[in-house]
There are 2 protein chains.
Amino acid sequence: MTTQQLTAQIKKKNSFLCIGLDVDLTKIPPHLLTQEDPIFAFNKAIIDATHHLCVAYKPNTAFYEAYGLKGWKSLEKTIQYLNTNHPEIFTIADAKRGDIGNTSRMYAKAFLEDLGFDSVTVAPYMGKDSVEPFLEFKDKHTILLALTSNEGAFDFQTKAVDGRELYKQVLETSKSWKNSENLMYVVGATKAAYFADIRKIIPNSFLLVPGVGAQGGDLKEVCKYGMNAAVGLLVNSSRGIIYASNDENFAEAAAEKAKELQQEMAVILNN
Amino acid sequence: MTTQQLTAQIKKKNSFLCIGLDVDLTKIPPHLLTQEDPIFAFNKAIIDATHHLCVAYKPNTAFYEAYGLKGWKSLEKTIQYLNTNHPEIFTIADAKRGDIGNTSRMYAKAFLEDLGFDSVTVAPYMGKDSVEPFLEFKDKHTILLALTSNEGAFDFQTKAVDGRELYKQVLETSKSWKNSENLMYVVGATKAAYFADIRKIIPNSFLLVPGVGAQGGDLKEVCKYGMNAAVGLLVNSSRGIIYASNDENFAEAAAEKAKELQQEMAVILNN
């Protein structure tokens, strides 16, 4: 999917919502546990109930790996279900990978080609040759960790590197990498004031923004400083939506929570 | 496995060799491709031929994920085979993971508990709360990326952060994390001269050292600056050993290459 197509979807749906499919068997409705594949059953119900309200889904691969082979099977079924039934939806493998060149190439192929995700999240610590193999895939996107929404972000990301915070150095340096037009960035919503500075470095890139809601970020603030002419934002919510209820009505409850966010987004988009 | 047990194994075997099980179906002997599980067949043959010459095996998870469900099955069988037949060998899941707290916990459980690896490699970019969940497991080890052996290491890792290179900041900061005694570090052999400075910061920790051989690092130089009283080094070789031949004699050829390195190590250990 191209970023132009993503922006078109955002305008069509009046939404830049991304729903995080972080499925934990201890948190999903107990009645699903008797199903053959409870994780996929949960995801399918959530997708069926919310796909008109969001433009992206983001399974975090940790939650699937935690269940071994069964978990990988559930991840495969989830991405296949999305690509078959909702090809207009942008898919993100939240895998935070990154390795030396030939190894990154294996990860890139696995997520972008074999599984068929539109994008994958990648950690920047190992630099250029660890990221460029992900950037080679046409109309696929590499979402580089810049400023994350957790407390540990202040350990290294915000430390001054040659007089400039490390995350800004990551943004600036990554612009020189081959096929850098395929880059997007993770920027946590818990630091909304930082968005103004970030937009000076990467005015046109899409930003994947976790941390709205459960982690305390404010949607209006993020949009005030982070939005660009192509919208340029995907705001993610995971737990706040998918675990809205763990009764039999869980999918409808998730849709209600998604709709609340979508309607806030519609107001912002139409102002 | 405790680090004391690891040092005892090193002294017993006169070896601090780690063999990287980075299995690529395009590189293994063609006669294995007719087997039901060629990756596991390859690993089993390599392990059977080399286990007396090394103290650790390190499958890089990218190579397994690249083959989807089948690849994960091969990884499971490989670690089970090692834990059943060679429990004295230190096992490393080279996964380079790292995520926000509750998500890192999922990865830690998957690799250290469910799969039963002795250790897992972790990226430091997201800071303390992304790493501490890995450190909670008794007698398990978290191998933090500090200075990697690839070209991109110079993009961020060696940049000055508050007057000190980022990788040194990572070493220093990580010492204050909870259960930091369970930390080891990745330090690439291509920068042997850096080991002296590194040992000033972390005199007692084990270092996992890639980049000897194929990537140009020099074993004697690494040992000169990097070895401590408990040896404190695991030197990894992957391609140089496992792809020594792709004929039917591949396992014997791998053992020969492993033996060359082991004998160099024996000389160093006994000097």
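The values are calculated or read from the model by the stated rules, or taken from the named source; none is laboratory data. Since we're looking at a predicted model, the values are computed, not measured. Note that we place each Cβ from the backbone using ideal geometry, even for glycine, and neighbour counts take in every protein chain shown.
So the values come out like this:
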| quantity | calculated |
| --- | --- |
| In the range A:243-268, the residues that are in contact (Cβ under 8 Å) with a residue 12 or more places away in the chain, out of contact with any strand residue (DSSP E or B) (no Cβ under 7 Å at 6 or more places or on another chain) and not acidic (Asp, Glu) | A:TYR243, A:ALA244, A:SER245, A:ASN246, A:PHE250, A:ALA251, A:ALA254, A:ALA255, A:LYS257, A:LYS259, A:ALA266, A:ILE268 |
| Qualifying position, being farther than 30 Å from A:GLU132 by Cβ and surrounded by fewer than 24 Cβ atoms within 10 Å (Cβ to Cβ), among B:LYS168, B:LYS140, B:LYS70, B:LYS128 | B:LYS140 |
| Unmet requirement for A:GLU221, which otherwise passes all of (1) surrounded by fewer than 20 Cβ atoms within 10 Å (Cβ to Cβ); (2) touching a residue at least 40 places away in the same chain (Cβ under 8 Å) | (2) |
| So B:GLY188, is it touching a Phe, Trp or Tyr at 6+ places or on another chain (Cβ under 9 Å) and not hydrophobic (A, V, I, L, M, F, W, C) | yes |
| Selection from the range B:14-30 of residues that are surrounded by 21 or more Cβ atoms within 10 Å (Cβ to Cβ) and farther than 30 Å from B:VAL231 by Cα | B:ILE28 |
| A:ASN179 touching a residue at least 60 places away in the same chain (Cβ under 8 Å) and surrounded by fewer than 21 Cβ atoms within 10 Å (Cβ to Cβ) | no |
| Filtered residue count, the range A:226-260, keeping only those that are part of a helix (DSSP H, G or I) and at pLDDT below 95 | 2 |
| Matching option when the condition is within 30 Å of B:ALA229 (Cβ to Cβ), of a type in the set (Val, Ile, Thr), touching a residue at least 60 places away in the same chain (Cβ under 8 Å) and loosely packed, with under 15 Cβ neighbours inside 10 Å, among B:THR2, B:THR50 | B:THR2 |
| Among residues of the range B:42-71, those that are closer than 26 Å to B:GLN9 by Cα and of a type in the set (A, V, I, L, M, F, W, C), counted | 9 |
